[in-house]
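Undergrad: Got a structure for you, questions after.
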Amino acid sequence: MVELKTLNLKLGHGIEGDINADPISPRQVLIVRYEDILDLSINPGELRENIVVKGREFDNFIPGTLLNFESGAAIRLTFHCEPCKRIAHLVESLKGIQGKRGILGVVIKSGKIQVGSNFQVQANKFPALSENPYERFLNFIIKIPSGKVVTYKQIIKGIGVNNSYLRAIPTYLKKTSAANYPVQRILDSKGYLISYVSQQKSKLETEGIKVLSEADCLSNLNQNFVDIKDYLWEDDTIYLK
């Protein structure tokens, strides 16, 4: 972590130069309240946060809140950052920091902010994203339009979880109703169709997606795949409205 006096917030991106900047991520920025880390005897920066704010009531600092900075920059708060083992050494129990780990957000208006910048809070300006990754998964895939596809890797970014959740996507798919959600529009990270999604090939072809085939030398079976560059769904605005 590098301490900076000024941050450049970019619409549809995040913080300029930050590793977490990503157009479709709901966790472009991590913000903590100074009062919370003071109460926990944690120094600024130790939670790997991007921004520390001071002087705002806990009840107003919630997912769904909009932070408007005097420069014109604005951040939508999305969901709480989950306590994880990377900060376990800072607290007696990870449960003790629940709700005080900070809130993640996305930049919805560009502008620069600096130490001492003033800002206004608009609580409940947006719907809060679910704290449950599976519910965020459902909220993400329901938006995939007909004729488009997404990959596991894109889902991971779009629901704001780390790469370890790649192992969870098959489980999510198996328990998701194909009648209510377009699971046929989900491909693995290499663009291959998924064996446990029923009638995926025919459903994609009905939507106008060309499904290709190649021989798998190990199984002596053909593998179906989609040329991702032609059909990948990319929407940088899903968390901006």
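The values are calculated or read from the model by the stated rules, or taken from the named source; none is laboratory data. Remember, predicted model here, so these are calculated numbers, not experimental data. Here the Cβ positions follow ideal geometry from the backbone for every residue, glycine too, while neighbour counts run over all protein chains shown. Side chains are part of the model used for accessible areas, which takes the heavy atoms of the whole protein and leaves out ligands, DNA and RNA. Shrake-Rupley method; radii C 1.70, N 1.55, O 1.52, S 1.80 Å.
Undergrad: If you check V32, V52, which single one turns out to be open to solvent by 50 Å² or more (accessible area, probe 1.4 Å) and not charged (D, E, K, R)?
TA: Numbers: V32 fails: open to solvent by 50 Å² or more (accessible area, probe 1.4 Å).
One residue alone meets the criteria, V52.
Undergrad: Would you please name the residue that is surrounded by the fewest Cβ atoms within 10 Å (Cβ to Cβ), looking only at residues in region 5-23 that are more than 17 Å from the chain's Cα centre (by Cα) and in a loop (DSSP other than H, G, I, E, B)?
TA: K5
Undergrad: For the structure I just gave you, tell me whether I142 is under 26 Å from P23 (Cβ atoms), modelled with pLDDT of 95 or more and out of contact with any helix residue (DSSP H, G or I) (no Cβ under 6 Å at 6 or more places or on another chain). Walk me through it before giving the result.
TA: Numbers: under 26 Å from P23 (Cβ atoms): yes; modelled with pLDDT of 95 or more: yes; out of contact with any helix residue (DSSP H, G or I) (no Cβ under 6 Å at 6 or more places or on another chain): yes.
Answer is yes for this residue.
Undergrad: What's the number of the only condition in (1) hydrophobic (A, V, I, L, M, F, W, C); (2) at pLDDT below 95; (3) closer than 15 Å to I15 by Cα that I75 fails to meet?
TA: For I75, the exception is condition (2).
Undergrad: Would you be able to say whether some residue in region 203-218 is under 30 Å from Q28 (Cβ atoms) and acidic (D, E)?
TA: No, region 203-218 has no match at all.
Undergrad: Of the residues P44, P26, which is buried (at least 18 other Cβ atoms within 10 Å of the Cβ), touching a Phe, Trp or Tyr at 6+ places or on another chain (Cβ under 8 Å) and of a type outside the set (D, E, K, R)?
TA: Numbers: P44 fails: buried (at least 18 other Cβ atoms within 10 Å of the Cβ).
From the options P44, P26, the qualifying one is P26.
Undergrad: Being closer than 20 Å to V29 by Cβ, without any contact (Cβ under 8 Å) to a residue 40 or more places away in the chain and open to solvent by 30 Å² or more (accessible area, probe 1.4 Å) is the filter here; which residues of region 116-141 pass it? Walk me through how you get there before you give the answer.
TA: In the first step, residues of region 116-141 are kept if they are closer than 20 Å to V29 by Cβ; the result is 116-131, 133, 136, 139-140.
Cutting the leftovers down to without any contact (Cβ under 8 Å) to a residue 40 or more places away in the chain gives us 116, 133, 139.
Within region 116-141, G116, N139 qualify.
Undergrad: Additional query: List, please: which pairs have Cβ atoms under 6 Å, are six or more places apart or on different chains, and start with a residue in region 30-50 that is under 15 Å from H89 (Cα atoms) and free of Cβ contacts under 8 Å to residues at least 12 places away in the same chain and end with one that is exposed (fewer than 14 other Cβ atoms within 10 Å of the Cβ) and of a type in the set (D, E)?
TA: Every condition considered, no pair remains.
Undergrad: Give me the residue from region 225-237 that is at pLDDT below 95 and surrounded by 14 or more Cβ atoms within 10 Å (Cβ to Cβ) and, out of that set, nearest to I24 (Cα to Cα).
TA: D235
Undergrad: Give the number of residues within region 77-115 that are open to solvent by 10 Å² or more (accessible area, probe 1.4 Å), outside any loop (DSSP other than H, G, I, E, B) and in contact (Cβ under 8 Å) with a residue 60 or more places away in the chain.
TA: Number satisfying all stated conditions: 6.
Undergrad: Can you tell me which of I144, I209 is open to solvent by less than 40 Å² (accessible area, probe 1.4 Å) and under 30 Å from G64 (Cβ atoms)?
TA: Values: I209 fails: under 30 Å from G64 (Cβ atoms).
From the options I144, I209, the qualifying one is I144.
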